[in-house]
Amino acid sequence: MSALLTIYADTSFFVSLYLTDRHTAEHRAQNLWRETPLPDRTFEVCAQLAHQHAARLGVRTLDTLHVASALELKADHFWTFDGRQAQLALAASLKTR
C-alpha cells in the first residue's frame, strides 16, 4: 500500500488561484485541493511555535498559524512562497516547496 501524500498550502498559493500572478497557471493546472476545518489544538501549537521560533526567524502570528495548521492536519509537505514560513516549516520538520 502506498503512503498518502498530504500537502498544506498557505494563502499565498490560493491567492494565485484567484488573482493573476506569476504562479497562477502552475497551481490552476494542478486542480486538486480539499478544504478542512482547523483541528482543536491548532492555536495551542501556534503559540508553541511562536515561543520556540519567532524571535530567531522573525515569523509572525499568521506564519505560525499556517505551520501549526499543517502540523495538526498531519501534512507531510508545506507549500508557501513566503521565506519566513518556509524556514519555520523546515524547523517544524515539514518538507517545503
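Readers should treat all values here as calculations from the given coordinates under stated rules, not as data from a laboratory. Computed from a prediction, not measured in an experiment: that's the story for all the values here. As a convention, Cβ positions derive from the backbone with ideal geometry for all residues, glycine included, and neighbour counts pool all protein chains shown.
Quick notes
- Amide H partners (placed H, <5 Å) of LEU73, local residues excluded: none
- Remark on ALA9: its backbone amide H falls under 5 Å from those of TRP79, a criterion applied only to residues 5 or more positions apart or on other chains, H modelled at 1.01 Å from N.
- Using the average count of surrounding beta-carbon atoms within 10 Å as a protection proxy, the listed peptides 80-88, 36-44 rank, highest first, as 80-88, 36-44.
- In sequence order, the stretch 59-68 has phi-based couplings of 6, 10, 4, 5, 4, 5, 5, 4, 5, 4 Hz under the Karplus curve 6.51 cos²θ - 1.76 cosθ + 1.60, θ = phi - 60°, and Gly or Pro positions carry x.
- Rg/Rh for the stretch 58-97 (Cα atoms only, Rh after Kirkwood) is 0.90.
- Scalar couplings 3J(HN,Hα) for the stretch 40-55, obtained by applying the Karplus form with A = 6.51, B = -1.76, C = 1.60 to θ = phi - 60°, are 4, 8, 4, 6, 5, 5, 4, 5, 5, 4, 4, 4, 7, 10, 4, 5 Hz; x denotes Gly and Pro.
- Net +/- balance of residues flanking THR11 in space, Cβ distance below 12 Å, scoring K and R +1, D and E -1: -3
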